[in-house]
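None of the figures in this text is laboratory data; all of them are computed from the coordinates on show. Keep in mind that what you see is a predicted model, and the values were worked out from it rather than measured. Backbone-built Cβ (ideal geometry, glycine too); neighbour counts: all protein chains shown.
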Amino acid sequence: MNNNAWTSLREGYTEPVRDVLWGHIYLTPALAALTKSVPFTRLTRIFQLGPAYTVYPGATHTRASHSIGVYQLARRLLTNLAERGADAWLSAEGVKSFLCACLLHDLGHFPYTHSLKELPLRSHESLTASLILTEPLKTMIGRAGADPCLTAAIVDDAGGGGSRSGFSGGELSFYQKLLSGCLDPDKLDYLNRDARYCGVPYGAQDVDFIFSRIYPHLERGIDIDSKGIPSVESILFSKYLMYRSVYWHREVRSATAMIKKALLGGLADGIIKAEELYGLDDQGLFSLVASRNYPLFSLVDRVRNGQLYAAVAEFPFDEAAHGGFEPIGERRRYEADLAAELSVKLGGPVQPGEIIIDVPEPVTFETGLYVTDEEAYFGGAAPECSSVFKAETVRDFAKILRIVRIFVDPIHENKLKLSNRLVDILNIRYNKLTD
């Protein structure tokens, strides 16, 4: 084994953190200092699952605990791969940069989970990379034995930090594939952690067994053998179930849609600027909207108080019928038109702010793992391995999850649910999209 890489993975980890999921997690003093920095401590004030606590009261764990968990699994993963041959291309600086990237990967994340994801904002990966390359983190990362430019590039592969550091070749690509792939430490932590705190069984993964069936590959990142196929199947199905039961639960979608509608309106009407949303924690988001006089911001306060809009219609997403709803900026117009039509048809006023068209973004299910002893791929490439989860099955997972919902202020709920006209009105509206 490369002695420098070995040393960077094994020596100096003297600072323990007790985690409910992984037990004692050890950091070096320099890595521990990063968890005390102002950008990182912001993550202690952001719920990992945003409004999911309205359905699962235990879901109050934070982005900080998740980030430390990702770091722990990343160190275990890289140690395992180094012992199986990855030490041939690992450097001590690269190892520490990868660990820093995993620990800091959510620094730029928005408050209230993915409520801000579709808004016209910079990506959270880009914001993370900028924070990493800014003081005090830039110097602190250097003290941890890492290269800040490489660390930023691992998180945000579009940022170009790797080329500035001289790590534009195989080692950088290897780390990027480890952090974002089918068996990445991010997914292995959040599935296990979210399931634990929500009290559901769907996300639990056998990390020890998974790590025993993986092998390093410089270009592909990770390969598996055929004994690892059930573990990959478990991850895919767990992700599907967690989206269906937790992440995209009807009430969670309602809360998320209400916040999106309020902030999109605020941005479009010049009430707030995009830059004001960067660097906020959950409480900061609530405080920002409370400081502005804007009618739609009442939606954010209602979410905070658990007063959610009700779902009065649901439709499987169809590109031909609903594709016009996908650009979130276009939905305001359709919501206004729909409110006007409902006002006429139902004989009473329905305001544009009282109705929301919610279209979940496409979900990706990472596959493409090479199965060494079958010389085949798990999903997405031919020949495919001996798994029931073929490429079309994975596509069906993503398709089934995309449910278009119409949410309304509860004052209209009973009237709309009793009205057969709602479906007709919506179908007419959908058909107009394809005219």
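If one takes the longest principal axis of the Cα atoms in the chain, at what angle in degrees, from 0 to 90 and to the nearest 10, does the Cα axis of helix 421-433 lie?
60 degrees
When the chain is treated as a GNM, springs tying every alpha-carbon pair under 10 Å, which of GLN307, GLN72, GLN48 comes out with the largest mean-square fluctuation?
GLN307
Roughly how many nanometres apart are two label points built 7 Å out from the Cα toward the Cβ at ALA274 and GLU326?
2.1 nm
From the backbone phi of the range 86-96, what are the Karplus-calculated ³J(HN,Hα) couplings (6.51 cos²θ - 1.76 cosθ + 1.60, θ = phi - 60°) in whole Hz, Gly and Pro given as x?
Values per residue, Gly and Pro as x: 5, 4, 5, 10, 7, 10, 4, 5, x, 4, 5 Hz.
Sorted from fewest to most neighbouring beta carbons within 10 Å, what does the list ARG42, ARG84, ARG244 look like? Write out the running numbers ahead of the final one.
Numbers: ARG42 23, ARG84 11, ARG244 15.
Ranked by crowding around the Cβ, least crowded first: ARG84, ARG244, ARG42.
Cα atoms only: what Rg and Dmax, in Å, come out for the range 3-247?
Rg then Dmax for the range 3-247, in Å: 17.1, 50.
Rounded to the nearest 0.05, what FRET efficiency do THR44 and GLU15 give with R0 = 22 Å and r taken as the Cβ-Cβ distance? Could you check?
Values: r = 17 Å, r/R0 = 0.77.
Step by step, r from the Cβ atoms, then E = 0.85.
Assuming 0.36 nm per residue, please report the length gained on full extension of the stretch THR393 to ASP206 beyond their Cα-Cα distance.
Working it through step by step, the gained length comes to 65.0 nm.
Give me the one-decimal Kirkwood hydrodynamic radius in Å for the range 24-159, with the sum taken over alpha-carbon pairs.
15.5 Å
Taking the chain as the region of interest, what is the percent of Cα-Cα pairs per 10 angstrom bin, listed from the shortest bin to the one with the maximum distance?
Here the calculated profile for the chain is 4, 20, 28, 25, 15, 6, 1, 0.
As a test of the formula, what do you get for the chain when each DSSP H run with n ≥ 4 contributes -39,500 (n - 2.57) and the sum is divided by the residue count, at 222 nm and rounded to the nearest 500 deg cm²/dmol? Please report the intermediate quantities before stating the final value.
Working: 21 runs with 216 residues, N = 435.
It comes out at -14500 deg cm²/dmol, rounded to the nearest 500.
Taking the range 147-301, how much of its Cα-Cα pair set, in percent, is spaced more than 22 angstrom apart?
In whole percent, the long-distance tail amounts to 62.
Using only Cα atoms, find the angle between the long axis of helix 391-401 and the longest principal axis of the chain, and express it within 0 to 90 degrees, rounded to the nearest 10.
Here the helix axis deviates by roughly 40 degrees.
I'd like the orientation of helix 229-242 relative to the chain: the angle between its Cα long axis and the longest Cα principal axis, in ° from 0 to 90, rounded to 10.
Helix 229-242 and the main axis of the chain meet at about 30 degrees.
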